[in-house]
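Right, one structure below, let's go through it.
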């Protein structure tokens, strides 16, 4: 396997028009990764990667993330079987965000709550009162207790 290296951050022209990957991480050393279904384009989830998670993803072809809550690496699907095979990784013009186009193994779901996508609710503005959430995906794909053994 080849050694994965990122180029040093260059000037604006090099970042925006160049051919080298020069990711810009935030103050916590993370870059946002929007995950979409390679076949449909549906947004499945948003995760965060540090340099090592991005390297692992490129090396293995399977999605790795940095868990901000647990402060550790996690390979998506390691517990659930919902492994994300990465078909393509895109970066934006500033190289401070990623899009991963994936196919999902197992039951095809991505959300740990049981839905196919983590984006199963939309924001609704009522005539009065606080903003509300309305489900756009009615049925769960699986019961998380069956996969994770807890609620």
Check: Arranged by the count of other C-beta atoms within 10 angstrom, fewest first, what order do 93, 111 take?
Finding: 93, 111
Check: In whole Å, what three semi-axes, largest first, describe the equivalent ellipsoid of the stretch 22-113 built from its Cα gyration tensor (square root of 5 times each eigenvalue)?
Finding: 20, 15, 11
Next item on the list: Could you pull the Rg and Dmax for the stretch 1-53, using just the Cα atoms, both in Å?
Entry: 13.7, 35
Item checked: Antiparallel content of DSSP bridges confined to the stretch 22-113, in %, to 5 -> 75 percent
Check: Rounded, prolate or oblate: which one fits the stretch 84-151, using the alpha carbon gyration tensor with axes a ≥ b ≥ c (rounded when a/c is under 1.5, else prolate when a/b beats b/c, else oblate)?
Finding: oblate
Margin query: Give the separation of the Cα centroids, the stretch 4-22 to the stretch 51-87, in Å.
Written below: 23 Å
Item checked: Relative contact order of the stretch 38-138, pairs being alpha-carbon contacts under 8 Å that are 6 or more residues apart, as % -> 20 percent
Next item on the list: Return 103, 80 ranked ascending by Cβ neighbour count within 10 Å, so the fewest neighbours appear first.
Entry: 103, 80
Note to self: Using a 10 Å cut-off around each Cβ, can you sort 145, 55 from fewest to most neighbouring Cβ atoms?
What the structure shows: 145, 55
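Any read-out appearing in this document is the output of simple, stated calculations on the displayed coordinates, not a laboratory observation. Computed from a prediction, not measured in an experiment: that's the story for all the values here. Here the Cβ is made from the backbone with ideal geometry for all residues, glycine too, and neighbour counts use every protein chain on show.
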